[in-house]
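Undergrad: Would you mind keeping the following structure in view while I ask a few things?
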Amino acid sequence: MPEPLGLHICFDELSREIEILDVTLVEKDNYRIEETPIFNPAVAMGDIIRLKEESGIYYYQETVQKSGLKRYAWLLSEEAVHSAELRMLKQKITESQGKWEQIFGGLLVIHVPQSCAIDVDVEMSAITRRFGI
């Protein structure tokens, strides 16, 4: 399987917002997103997107295939981010073939397969209640 590469990807026609994202080439011009884009909430980790390259910038054309993963997101306090409870949940997510990301320190994004036995909402509700979030 090819290694992920960091590409400069633009999601708007005016080229105002460009972010460097890890992607994996699937086939010509089609890439799997390996992390959550900040500037396009309609695209998520695991989606396959078509890009068009111009002068070293890759322009988003369309989403070819959605990942099928369930996505959850929370804004957490620093205390919750560093808690044992969250560390344990992240471990369970990873063991269940899911992935998690922490963006800008406190934004937690979790991606799990549809068949995942973990009730992410219940687990995160306990954590957010514990830390008054």
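Throughout, read-outs are computed from the coordinates displayed, never taken from laboratory work. Bear in mind that the values here come from a model prediction, so they are computed numbers and not experimental data. Quick reminder, even Gly has a Cβ in these numbers, built from the backbone with ideal geometry, and neighbours come from all protein chains shown.
Undergrad: Per residue, how big is the convex hull around the C-alpha atoms of the stretch 70-130? Give it to me in cubic angstrom, could you? Walk me through the intermediate numbers first.
TA: Working: hull volume 4.1 nm³, N = 61.
Dividing the Cα hull volume of the stretch 70-130 by its residues yields 67 Å³.
Undergrad: What is the spin-label model distance, in nm, from residue 88 to residue 119 if the labels are put 7 Å beyond Cα along the C-beta direction?
TA: So the two model labels end up 1.6 nm from each other.
Undergrad: Relative to the longest principal Cα axis of the chain, at what angle does helix 84-95 sit, 0 to 90 degrees, rounded to 10?
TA: Helix 84-95 and the main axis of the chain meet at about 50 degrees.
Undergrad: Using 0.36 nm per residue, how much length does the chain from residue 20 to residue 52 gain when fully extended, once their Cα-Cα distance is taken away?
TA: On the way: separation 32, 0.36 × 32 = 11.52 nm, distance 1.49 nm.
The span from residue 20 to residue 52 would gain 10.0 nm if fully extended.
Undergrad: If you don't mind, there's one more thing I want to ask. May I ask you to list the lysines whose Cα is less than 18 Å away from that of residue 28, ignoring any residue fewer than eight positions away on the same chain?
TA: 52, 66
Undergrad: Once the Cα atoms of helix 120-130 and of the chain are each reduced to a long axis, what angle between those two axes, in degrees from 0 to 90 to the nearest 10, is obtained?
TA: Helix 120-130 sits at roughly 60 degrees to that axis.
Undergrad: Using a 10 Å Cβ count of at most 16 others and DSSP loop calls, identify the longest part of the chain lacking such trypsin sites (Lys or Arg not before Pro).
TA: Working: sites that count: 16, 28, 66.
Value returned for the longest uninterrupted segment is 67-133.
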